[in-house]
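Any read-out appearing in this document is the output of simple, stated calculations on the displayed coordinates, not a laboratory observation. Since the structure is predicted, the reported quantities are computational estimates derived from the model, not experimental observations. In this analysis, Cβ positions are derived from the backbone assuming ideal geometry, glycine residues included, and neighbour counts consider all displayed protein chains.
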Amino acid sequence: MHRFEQMWRFKYLTQNLIVRDIKIRYRNSFLGVLWSLLTPLFMMVVFSLVFTVAFGNDSIRQYAVFFLVGLIPWNFFNGGLRLGTNSFLANSVLIKKVYFPRELLPFSAIISELVNFGFAFLILIVFLYGSGLPLTIHALWVIPILLTQILLTVGLSLLFGSINVFYRDIMMILDVALLALFFLTPIMYPLDQYGATATLMGITFDPAQVMRWINPMASIVDGYRTVLWGTTTSTGPAPMFFPFWLRTFVTSLLIFIVGYGVFLRTESQFGEKL
């Protein structure tokens with residue numbers, strides 16, 4: 001609680017860090033913040049052409065919206081985790097010169113990425129209404145799902161960012177891991193496409209369930225899609241299954257606790273290592 005009280009006392013520093021990160025990102029950029037809107041749109045067009053034209057796969061209704069609902073949360077996670085993990089190294093001069101709660105660095109980096117998510121989400125709403133999928137009461141689930149995603153991203157950023165101070169290979173490993181995770185997350189495809197059971201080395205299991213266990217982002221993306229787009233068996237947005245969200249939240253909370261614990265144990269050595 002003492003740490004959170006300190007963070008609250010330094011809330012103005014947090015605001016300045018967020019504004020600084022946003023300004024740096026779009027400095028000398030002709031389109032500026034519009035890139036946060038154009039990037040997912042370009043990717044949506046490319047993947048829609050690949051899956052519906054090149055591969056002839058038109059079994060998923062309104063595939064462009066289906067893909068966009070999964071891509072926007074993924075971009076937030078991908079960008080936030082990269083910035084959060086690198087935040088201690090990127091602000092090494094500040095860390096060595098003045099005292100402040102160091103956990104504000106990954107937190108402010110992730111919140112600055114949340115601004116991009118907000119702009120992109122507005123575009124998503126336009127596409128939803130344009131496709132005949134207006135927001136329903138189920139869309140209120142976006143708030144707890146987003147909070148769960150932020151908790152997960154902050155926890156992983158504290159964990160990997162702390163290790164990154166001591167071993168600079170983390171960012172290279174993270175790049176490869178995020179690329180693999182992109183294809184293991186149901187962005188381009190629904191989890192429902194997996195069969196009810198699969199057998200590997202004589203062990204029978206539910207592939208979709210295992211995917212949700214080992215990859216919290218699979219559950220989070222699936223949650224966004226359920227309450228905004230629906231499921232493969234519905235014609236529109238569907239209600240969120242509360243135990244499903246609760247399990248994902250508990251997983252994210254545990255990851256946050258582990259990441260914060262590693263950060264607290266290593267923070268005192270940051271000045272020396274940086």
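Among 136, 85, 251, which comes first, second and so on when ranked by fewest other beta-carbon atoms within 10 Å?
Fewest-to-most Cβ neighbours within 10 Å comes out as 136, 251, 85.
Mind telling me which of 117, 67, 42 comes out most flexible in a GNM of the chain, alpha-carbon contacts under 10 Å?
42
May I ask for the angle, rounded to the nearest 10°, between helix 11-25 and the longest principal axis of the chain, with both axes built from Cα atoms and the value confined to 0 to 90°?
On a 0 to 90 degree scale, this one is about 60.
Would you mind ranking 222, 169 by Cβ crowding within 10 Å, fewest neighbours first?
Exposure proxy ranking, most exposed first: 169, 222.
Give the separation of the Cα centroids, region 217-274 to region 116-185, in Å.
Result: 9 Å between the Cα centres.
Just 125, 170, 143 to compare: in a GNM of the chain, with alpha carbon springs under 10 Å, which one fluctuates most?
143
What's the extension gain from residue 143 to residue 16 if we count 0.36 nm per residue and subtract their Cα-Cα distance?
Answer, rounded to one decimal: 43.2 nm.
How tilted is helix 142-166 with respect to the longest principal axis of the chain? Cα atoms for both, answer in degrees (0 to 90, nearest 10).
The angle comes out near 50 degrees.
Gaussian network model of the chain, Cα springs within a sub-10 Å range: biggest mean-square fluctuation belongs to which of 221, 126, 154?
126
Report, in degrees rounded to the nearest 10, the 0 to 90 angle that the Cα long axis of helix 170-184 makes with the longest principal axis of the chain.
Value to nearest ten degrees: 20.
Could you compute Rg(Cα) / (2.2 N^0.38 Å) for the chain, with N its residue count?
1.06
Expected output is a single nm value to one decimal: the length gained when fully extending between residue 241 and residue 61, i.e. 0.36 nm times separation in residues minus the C-alpha distance. What is it?
So the chain would gain 62.6 nm between residue 241 and residue 61.
Going by the alpha-carbon gyration tensor, a ≥ b ≥ c the square roots of its eigenvalues, is region 204-274 rounded (a/c under 1.5) or, if a/c is not under 1.5, prolate (a/b greater than b/c) versus oblate?
Details: a/c = 3.35, a/b = 2.55, b/c = 1.31.
Judged from the Cα gyration tensor, region 204-274 comes out prolate (a/c at least 1.5, a/b above b/c).
Under a Cβ-only charge scheme (Lys and Arg +1, Asp and Glu -1), can you give me the dipole magnitude of region 2-273 about the Cα centre, in debye to the nearest 20?
With only Lys, Arg, Asp and Glu charged at Cβ, the dipole is about 840 debye.
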